[in-house]
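Here the structure comes first, spelled out in structure tokens, and everything after it is commentary.
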Amino acid sequence: MDNLVLRSHLALLLAMLLWGSSFIALKLAVNDLSPMIVIFMRMAIGAVAFLTVWPWLRHGFVYQAGDWKYLLGMALFEPCLYFIFEAQALRYTSAGQAGMITAMLPLMVAIAAFFILKERSGWRQWLGFGIAVIGVIWMTLTGEDSEQAPNALLGNFLEFLAMVSAVGYTLLVKHLTRRYSAFLLTALQSFVGTLFFFPLALASPWPEQISLSTFGLLIYLGLIITLGAYGLYNYSLTHLKATVAAGYTNLLPVFTLLFSMLLLGERLVLSQWLAIGLVFVGVFLSQDRSHRLPPEVPPPVTG
């Protein structure tokens, strides 16, 4: 494994760690603010941060004719549709059931990449995907989740739609990182997300003031998560297959549970620790050892 590939794997691991912490920060932030306001604020903070470094970012930007549909599709899938579906899903289903749907993302990406990007996954990768999914399901089922699910069928379907959005996002970023820098694409996400969520935030009830602790959470979500996690994930897609990057998302429920234990006082039972170990084994097996990228095949985005 060369240094570039190793750095890409480390970037993915750090991105998953940051995303895992973002669920805790988001949970705390929405206690004081409407979810749409929180998402708008994190996007706006990220956009402002990118504006400060735009003079350096734009030097590497050379627009290629026809790419507007891929760029717009990427931002529409995530953050726009993804955050809308996920925010609504958690109103109707439990976090544990939503986590089980999230665990299907690597399989969904592998199937989509097989048909669209012509990426081939060997039996070892499929085995790893399956083991990781089993581990995530085991971990969520054995947890003592007290959250109610008033309409689990609707909530799980909305979470599935969020995962469909994540699949589209991953494939489009995989295509676009051949032409544009990872951080330029992340900046575009922040700008489009700010514009998209602005009217939704205006329609939400605003508090008279935002506490210092909540504002700190918004800064963390806007800078560390929006810039850092997405930037690291997009960077990894420059050098690794989409299926390899998606395989790491099985670590998200694990890191989220660990952060919940450390920061929110939640406790893990023995079976959950065993399930976490199973997830790590599955992620390890799902990593393609060849690291060879397939020929570029544009995603089927029209319009």
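The values are calculated or read from the model by the stated rules, or taken from the named source; none is laboratory data. Just so it is clear, the model here is predicted, and its values are computed rather than measured. Methodologically, a virtual Cβ is constructed for each residue, glycine included, from the backbone with ideal geometry; neighbour enumeration extends over all protein chains shown. To get the accessible areas, we keep the full protein, side chains included, count just its heavy atoms, and leave off ligands, DNA and RNA. Shrake-Rupley method; radii C 1.70, N 1.55, O 1.52, S 1.80 Å.
Listed values, structure above:
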quantity	calculated
Total charge dipole magnitude, the chain, about the Cα centre, Cβ charges on Lys, Arg, Asp, Glu only, Debye to nearest 20	900 debye
Over the chain, equivalent-ellipsoid semi-axes from the Cα gyration tensor in Å	27, 26, 17
Percent RCO, i.e. relative contact order, over the chain, from Cα pairs under 8 Å lying at least 6 residues apart	40 percent
Share of carbon and sulfur in the accessible heavy-atom surface of segment 162-202 [1.4 Å probe, %]	80 percent
Length gained when the stretch S204-N151 is fully extended (0.36 nm per residue, less Cα-Cα span)	16.8 nm
Per residue accessible area in Å² of the chain, where ligands, DNA and RNA are left out and the probe is 1.4 Å	46 Å²
Those lysines that a straight Cα-Cα span of less than 19 Å connects to K69, excepting residues fewer than 8 apart in one chain	K174
Gap separating the Cα centres of segment 194-273 and segment 51-92, nearest whole Å	16 Å
Calculated FRET efficiency for the pair L223/Y63, C-beta based, R₀ 22 Å, to 0.05	0.25
Estimated FRET transfer efficiency (S211, M261; beta-carbon r; R0 25 Å; 0.05)	0.50
Efficiency of FRET between L72 and N3 - r from beta-carbon atoms, R0 35 angstrom, step 0.05	0.55
Gain on full stretching of the segment that runs from W123 to L274 - 0.36 nm per residue minus C-alpha separation	52.0 nm
Sum of -39500 (n - 2.57) over DSSP H runs of 4+, divided by residues of the chain (222 nm, nearest 500)	-22000 deg cm²/dmol
